[in-house]
1. Using unit Cβ charges (K, R positive; D, E negative) and no other charged atoms, how large, in debye to the nearest 20, is the dipole of region 7-161 about its Cα centre?
2. Could you compute Rg(Cα) / (2.2 N^0.38 Å) for region 37-163, with N its residue count?
3. What whole-number distance in Å separates the alpha-carbon centres of region 108-163 and region 27-103?
4. Quickly work out the Asp43-to-Ala160 label distance, labels modelled 7 Å from Cα along the C-beta direction, and quote it in nm with one decimal.
5. With point charges of +1 on the Cβ of Lys and Arg and -1 on the Cβ of Asp and Glu, referenced to the Cα centre of the chain, which listed residue (Pro53, His21, Ile133) lies farthest in the positive direction of the dipole?
6. Assign one of three labels to region 6-69, namely rounded, prolate or oblate, based on the Cα gyration tensor with a ≥ b ≥ c the square roots of its eigenvalues; rounded applies when a/c is under 1.5, prolate when it is not and a/b is larger than b/c, and oblate otherwise.
7. How high is the relative contact order of the chain, given as a whole-number percent (alpha carbon pairs under 8 Å, six or more residues apart)?
Amino acid sequence: MTPAPDIRIVPATERDTATIHSLIQGLAEYERLQDEMEATEDDVREALFGDWPAAEAVLAYAGAEVVGYAMFYHTFSTLLGKRGLYLEDLFVVPAFRKRGVGRRLLSAVARIAVERRCGRLEWSVLKWNESAIRFYESLGAVPMGEWIVYRLAGDALARAADL
């Protein structure tokens, strides 16, 4: 495919909430996780633009059309003694994949990490997503094979809270 012309990466604003929610739905579909999609537009608005924002987002535009987004938030490494950024989502609409949009989005988040003096930028990728793995490794990213991600959610989280 040909490179996408005139891609602009801009910080998301509250008026982008519905668009971001729609992109999250597209990501859930792509990742085969539609059954886990619970976030509403109000949840997205509160998470990104509420009193205590939990995350930030940037949008990729081709002309006037939003063609992708990246969502990220701060982490902290005790070993580095520095903040980091965690890339929660990076999604490009199908018609604009393999045209440099994902690279531009990741570069924008990396630039934010550098500007904020973060010690690292991290993310997770599904094991089956070979094209994403190849893309990330082409940038110099390395898998953290010695780490296993664990999760408490739903009833298990409630039980753990009552220990």
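1. Working: 19 positive and 22 negative charges, 195 e Å.
Roughly 940 debye, rounded to the nearest 20.
2. Working: Rg = 16.4 Å, N = 127, 2.2 N^0.38 = 13.9 Å.
Normalised by 2.2 N^0.38 Å, the Cα Rg of region 37-163 equals 1.18.
3. One Cα centre to the other: 12 Å.
4. 1.8 nm
5. Ile133
6. Values: a/c = 2.30, a/b = 1.13, b/c = 2.04.
It comes out oblate by the Cα gyration axes.
7. 20 percent
Every number here is computed from the coordinates shown, using simple stated rules; none is lab data. Everything quoted here is computed from the prediction, not taken from an experiment. For neighbour counting, all protein chains shown are included, and Cβ atoms are generated from backbone atoms with ideal geometry for every residue, glycine included.
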